[in-house]
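Read-outs throughout are calculated quantities, based only on the coordinates presented, and are distinct from any laboratory measurement. Since the structure is predicted, the reported quantities are computational estimates derived from the model, not experimental observations. A quick note on method: Cβ atoms are made from the backbone with ideal geometry, for glycine too, and the neighbour counts reach across all protein chains shown.
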Amino acid sequence: MSARKIIIDTDPGQDDAVAILLALASPEEIDVLGITAVAGNVPLALTSKNARIVCELAGKPDTKVFEGCDRPMGRELVTAEHVHGKTGLNGPVLPDPVMEVEDQHAVDFIIDTLRAHDAGTVTLCPLGPLTNIGTAFEKAPDIIEKVQEIVLMGGAYFEVGNITPAAEFNIYVDPQAADIVFKSGVPIVVMPLDVTHKALVTKPRNDAFRNLGTKVGTAVAEMTDFFERFDKEKYGSDGAPLHDPCVTAYLIQPELFSGRHINVEIETQSELTMGMTVADWWRVTDRTPNAMFIGDVDADGFFSLLVERLSRL
Ligand code: BDR
Ligand code: CA
């Protein structure tokens, strides 16, 4: 089978970084057409820089990186330095990138790339707020049919919220964009907090990254060392959840994940519950299912995959 063509839309972020490394380490399954940066965990200038730092860390400086939207479609930007640190990639000391960002705006890259492909042949992998994708769909609705699938990290049902009591960060930052995406009719696979909170980097798992003895293994271990302090304090968990790598792992080994095909709607009006993913997990409405909402992961299988793939870089 030929590699699946994808665009990674991202706001790195330590966990975004691991997701990108996993994709770049897996060329047999994944063909990264481009990486589009969006404002989210930190402002756009930093997410764009971090995306390039990660490509160079992977030894893939030919990867195309584009800068997209610097703020949500209809709200002020909310960032998450309290989780990811001032640069978004705190933890390891990594060199500034030599790679340049591409001239084209990320939204135009998404539109042109989809227009140049046959219907249903490009997968979008959003790892941050959905601003770039929502803007592209609004600007060029003809591209929607070109999308094979959207596999995204965002939302929650059982875990409810991490940035407000009701909402997960990526959806909360740009609920309007998320609403456009969830109403687009494209097949969607959602990695909500319900599953990502099961993908915890426990000490033995982080030791496995460190013990690779490579630049990538050490950097990933140091990223998680930094990132985990927040979740350990907040949730009392055994380590940091690797949210975003669930997306790229799904592209390689979907059988690691299980969920339900259900209806998911986005709250865009109420300030109290803004950005909530109203997921009909128990199928108590007759609303049409629009997303495969993942609830479980074989965490050991997921970490074995990560260690094996990262060892290739
Ligand atoms: C999501 O928000 C960001 O902090 C992470 O990178 C992840 O994409 C988790 O809520
Ligand atoms: Ca992210």
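Points to keep in mind about this one:
- Within the chain, percent of DSSP bridges classed antiparallel, to nearest 5: 30
- Spatial offset of segment 78-156 relative to segment 227-273 amounts to 17 Å, using the alpha carbon center of each.
- Of the chymotrypsin sites (Phe, Trp or Tyr not before Pro) found in segment 99-206, the ones in coil according to DSSP and having at most 15 other Cβ atoms within 10 Å of their Cβ are PHE158.
- Cα convex hull, segment 1-82: 86 Å³ per residue, rounded to a whole number.
- Formal net charge of residues neighbouring LYS146 (Cβ-Cβ distance under 13 Å; K, R +1; D, E -1): -3
- Sparse-neighbourhood loop sites, trypsin sites (Lys or Arg not before Pro) in segment 124-211 - DSSP loop, at most 14 other Cβ within 10 angstrom: LYS183
- Here the Gaussian network model covers the chain, with springs between Cα atoms less than 10 Å apart; of ILE133, ILE252, ILE20, ILE252 fluctuates the most.
- By the compact-protein rule of thumb, 2.2 N^0.38 Å, the alpha-carbon radius of gyration of the chain corresponds to a ratio of 0.90.
- Candidates GLU76, GLU149, GLU228: whichever shows maximal mean-square fluctuation once the chain is modelled as a Gaussian network with Cα springs under 10 Å: GLU76
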